[in-house]
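**Q** Sharing a structure, written as structure tokens. Questions coming.
The values are calculated or read from the model by the stated rules, or taken from the named source; none is laboratory data. Please read all numbers here as calculations on a predicted model, not as lab measurements. Cβ placement follows ideal geometry from the backbone for every residue including glycine, while neighbour counts extend to all protein chains displayed.
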Amino acid sequence: MRKSGILMHISSLPSPYGIGTMGKEAKKFVDFLVKAAQSYWQVLPICPTSYGDSPYQSFSSFAGNPYFIDLDLLCKEKLLKKQECESYTWGKDISKVDYGTLYQNRYPLLHKAFERFQKKIPEDYDIFCQEQADWLEDYALFMALKDARDGVAWTEWEPELKRRDEEALGQAKLELAQEIDFWKMLQYLFYKQWDDLKQYANGKGIKIIGDVPIYVAMDSADVWANPKQFYLDKNLQPIDVAGCPPDAFSDDGQLWGNPLFRWNVMKKDGYSWWTRRLEKVSKLFDVVRIDHFRGFESYYAIPFGDSTARNGEWRKGPGIHLFRSIEKKLGKMDIIAEDLGFLTESVRKMLDDSGYPGMKLIQFAFDTREDGDYLPHNYTRNSVVYAGTHDNDTILGWMKTAPRASVSYAKEYLQLTQEEGYHWGVMRAVWSSVSDTAVVTMQDLLGIGSAGRMNTPSTLGGNWMWRMKPDAIDSKLTRKIRRQVELYGRAPKALKKLESPETKKDIERVPKELESPETKGEIVRQA
């Protein structure tokens, strides 16, 4: 069945407190998705951000981002007071997230909530801690230790803590008991609000697409608590790190710096760490997008300490065996494979064997360095099509910055006109394509240029900041989106007759050429 969705991260929602949260505005966005005839809300990873503010570099693969906890909901629960929330500065620009200000002010405020939380602990709190103990205990201790050391990476802690000496950890748990409980409370509040938001969305017929990065940050509870699962030396330093090789887009390649997995060790224990990870996200999300899917077939390893990715090499990954093993334990999951980048026949075979839909990016279609796989006439139904993702410029930004030949090719191929709006023309190609699922970004729907770009890969600073203004969505935009989705058979329900009073009232008039009985019947059949 053909469906449509919108990509916008939680952080990008409007909020008076500096960053989007899981409260009223999130539910308003769900309501907008329903009115716009969408089926999916796609978000980025919802785990805590670390240095660089990237959701793809987190202190934990299992924890939720405390910034997303809605403060107004905490006020309703009498954990905070409205004047307390308003007494802090949350940034001067409502269209951007000020992560530095958030870091300085959010946690002191949440500590106030913690003081009240301790006086009346909810009945289900202990149950939550017990159910999540396999990751929560290590994460809370990790964060408490890190805070007590002014944020220093765990690789620079005292040797006994770095190596997780039982006696040292036991002493730390006694000394930091209050802080450990604080970090546990934050996860309790996060999961409580997330579960409520997800139930609300599902109840309205909206499914949430979540994102799982293939790699984890070196400075994370994941690596600290499970060092044998990662490619580290005897001093717990990475031997090689992750990245991408040089290509037509980058002479030096991409140096991500994440520690690599010891796939042979993971295979021996039945991929227990990955099984736990995917089991967790399968409960958080309805659909899971796995980032850098090709890295499971073979991955690029760069010597630790190198300043570029030039000296790396390809190594064999676990391949389809990993997913077959996990499927036996968890059952069939609804997964999207991010199969962008350098693809070999073996990578294509792994994708085919998995049955997962791959991704198509229209922005890649008109680059002369690509071989044409991203041109819409080459798409297959079992795929998810985007104009661009969080790592790309917006459509209007791309139109201004892409090579002139690429833009000219796109204008001719997609029949783009300024009258329609270049961004609407590209999104029309997304919605009209044969791909089963079509996703566009909120920035493109709003017609924002490069100022709305979420991330520029391999750069530090200025990323992950974009936020939608409170009055950005109106009824006219909602109707226009709905009309396009219905026109191309992606609405949750079959398209209503074009001449119905409700359609005439809610949707802009259909062009004369679409009013013939033959055309009406064809559109209904497509829906």
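**Q** Being surrounded by fewer than 19 Cβ atoms within 10 Å (Cβ to Cβ) and either free of Cβ contacts under 8 Å to residues at least 60 places away in the same chain or among the aliphatic types (A, V, I, L, M) (or both) is the filter; apply it to segment 235-254 and report the residue that is farthest from GLU156 (Cα to Cα).
**A** Only one residue fits best here, namely ALA248.
**Q** Moving on to the next point. Within segment 266-286, is even one residue within 22 Å of GLU345 (Cα to Cα), out of contact with any strand residue (DSSP E or B) (no Cβ under 7 Å at 6 or more places or on another chain) and assigned by TED's automatic domain parsing to the domain that holds ARG315? Don't jump to the end; show me each part of the working.
**A** We begin by selecting, within segment 266-286, every residue within 22 Å of GLU345 (Cα to Cα); these are none.
No - not one qualifying residue is present in segment 266-286.
**Q** Whether any residue in segment 366-377 is under 25 Å from the mean Cα position of the chain (by Cα), of a type in the set (Val, Ile, Thr) and assigned by TED's automatic domain parsing to the domain that holds GLN42 is what I want to check.
**A** Scanning segment 366-377, I find no residue that is under 25 Å from the mean Cα position of the chain (by Cα), of a type in the set (Val, Ile, Thr) and assigned by TED's automatic domain parsing to the domain that holds GLN42, so the answer is no.
**Q** Moving on. Go through the residues of segment 317-334 one by one and say whether even a single one is at pLDDT 95 or above and under 19 Å from the mean Cα position of the chain (by Cα).
**A** Yes: one or more hits.
**Q** Pick from CYS47, CYS75: which is touching a Ser or Thr at 6+ places or on another chain (Cβ under 6 Å) and without any contact (Cβ under 8 Å) to a residue 40 or more places away in the chain? Please lay out each step first, then the result.
**A** On the way: CYS75 fails: touching a Ser or Thr at 6+ places or on another chain (Cβ under 6 Å).
One residue alone meets the criteria, CYS47.
**Q** Assuming PHE62 fulfils every condition listed in (1) more than 13 Å from GLY18 (Cα to Cα); (2) in contact with a strand residue (DSSP E or B) (Cβ under 8 Å, 6 or more places away or on another chain) apart from one, which condition is it?
**A** (2)
**Q** Just to be sure I understand, how many residues within segment 262-281 are among the polar types (S, T, N, Q), surrounded by fewer than 18 Cβ atoms within 10 Å (Cβ to Cβ) and in contact with a helix residue (DSSP H, G or I) (Cβ under 7 Å, 6 or more places away or on another chain)?
**A** Let us first name the residues in segment 262-281 that are among the polar types (S, T, N, Q), namely 264, 272, 275.
Then keep just the ones that are surrounded by fewer than 18 Cβ atoms within 10 Å (Cβ to Cβ); that gives 264, 272.
Now narrow it down to the ones that are in contact with a helix residue (DSSP H, G or I) (Cβ under 7 Å, 6 or more places away or on another chain): none.
Residues that pass the stated criteria total 0.
**Q** Go through segment 299-340 and give me each residue that's small (Gly, Ala, Ser) and either over 24 Å from VAL281 (Cβ atoms) or surrounded by fewer than 16 Cβ atoms within 10 Å (Cβ to Cβ) (or both). Working first, answer last.
**A** Keep residues of segment 299-340 that are small (Gly, Ala, Ser), which gives 301, 305, 307, 309, 312, 317, 319, 325, 331, 337.
Hits for segment 299-340 are ALA301, GLY305, SER307, ALA309, GLY312, GLY331.
**Q** Here's a follow-up. So which helices (runs of 4 or more DSSP H) stay within segment 361-455 end to end and still have 2 or more residues that are more than 25 Å from PRO55 (Cα to Cα)?
**A** Numbers: elements: 362-365, 395-401, 404-414, 422-432, 442-445.
Hits in segment 361-455: 395-401, 404-414, 422-432.
**Q** Also, I was wondering about something else. Going through segment 473-498 one residue at a time, which ones are in contact with a helix residue (DSSP H, G or I) (Cβ under 8 Å, 6 or more places away or on another chain), in a loop (DSSP other than H, G, I, E, B) and without any contact (Cβ under 8 Å) to a residue 60 or more places away in the chain?
**A** ALA494, LEU495, LYS496, LYS497, LEU498
**Q** Would you please list the contacts, defined by Cβ atoms under 6 Å and residues six or more apart or on different chains, that run from a residue in segment 198-225 that is closer than 18 Å to ALA37 by Cα to a residue that is hydroxyl-bearing (Ser, Thr, Tyr)?
**A** LYS207/TYR40; ILE209/TYR40
**Q** State whether one or more residues within segment 1-12 are touching a His at 6+ places or on another chain (Cβ under 6 Å) and either polar (S, T, N, Q) or at pLDDT 95 or above (or both).
**A** No: segment 1-12 contains no residue that is touching a His at 6+ places or on another chain (Cβ under 6 Å) and either polar (S, T, N, Q) or at pLDDT 95 or above (or both).
**Q** Looking only at residues that are over 23 Å from VAL439 (Cβ atoms) and within 18 Å of the chain's Cα centre (by Cα) in segment 13-52, which one is modelled with the lowest pLDDT?
**A** Taking segment 13-52 and keeping what is over 23 Å from VAL439 (Cβ atoms), we get 15-18, 23-24, 48, 50-52.
Still in the list and also within 18 Å of the chain's Cα centre (by Cα): 48, 50-52.
Details: PRO48: 97, SER50: 88, TYR51: 84, GLY52: 88.
It comes out as TYR51.
**Q** Still on this model: Of the residues in segment 252-297, how many are more than 26 Å from GLY52 (Cβ to Cβ) and either of a type in the set (Ser, Thr, Tyr) or not in a helix (DSSP H, G or I) (or both)?
**A** Result for segment 252-297: 9.
**Q** Here's a follow-up. What are the residues in segment 298-324 that are in contact with a strand residue (DSSP E or B) (Cβ under 8 Å, 6 or more places away or on another chain), in a loop (DSSP other than H, G, I, E, B) and touching a residue at least 24 places away in the same chain (Cβ under 8 Å), if any?
**A** PHE304, ASP306, SER307, THR308, ALA309, GLY312, GLY317 - these are the residues of segment 298-324 that are in contact with a strand residue (DSSP E or B) (Cβ under 8 Å, 6 or more places away or on another chain), in a loop (DSSP other than H, G, I, E, B) and touching a residue at least 24 places away in the same chain (Cβ under 8 Å).
**Q** Any residue that is buried (at least 17 other Cβ atoms within 10 Å of the Cβ) and in a loop (DSSP other than H, G, I, E, B) - is there at least one of those in segment 344-354? Outline the logic, then answer.
**A** To start, the set of residues in segment 344-354 that are buried (at least 17 other Cβ atoms within 10 Å of the Cβ) comprises 347, 350-351, 354.
Applying the additional criterion that residues be in a loop (DSSP other than H, G, I, E, B) yields none.
Taking every residue of segment 344-354 in turn, none turns out to be buried (at least 17 other Cβ atoms within 10 Å of the Cβ) and in a loop (DSSP other than H, G, I, E, B).
**Q** Restricting to segment 432-466, and then to whatever is buried (at least 23 other Cβ atoms within 10 Å of the Cβ) and hydroxyl-bearing (Ser, Thr, Tyr), can you tell me which residue is nearest to the chain's Cα centre (by Cα)?
**A** THR441
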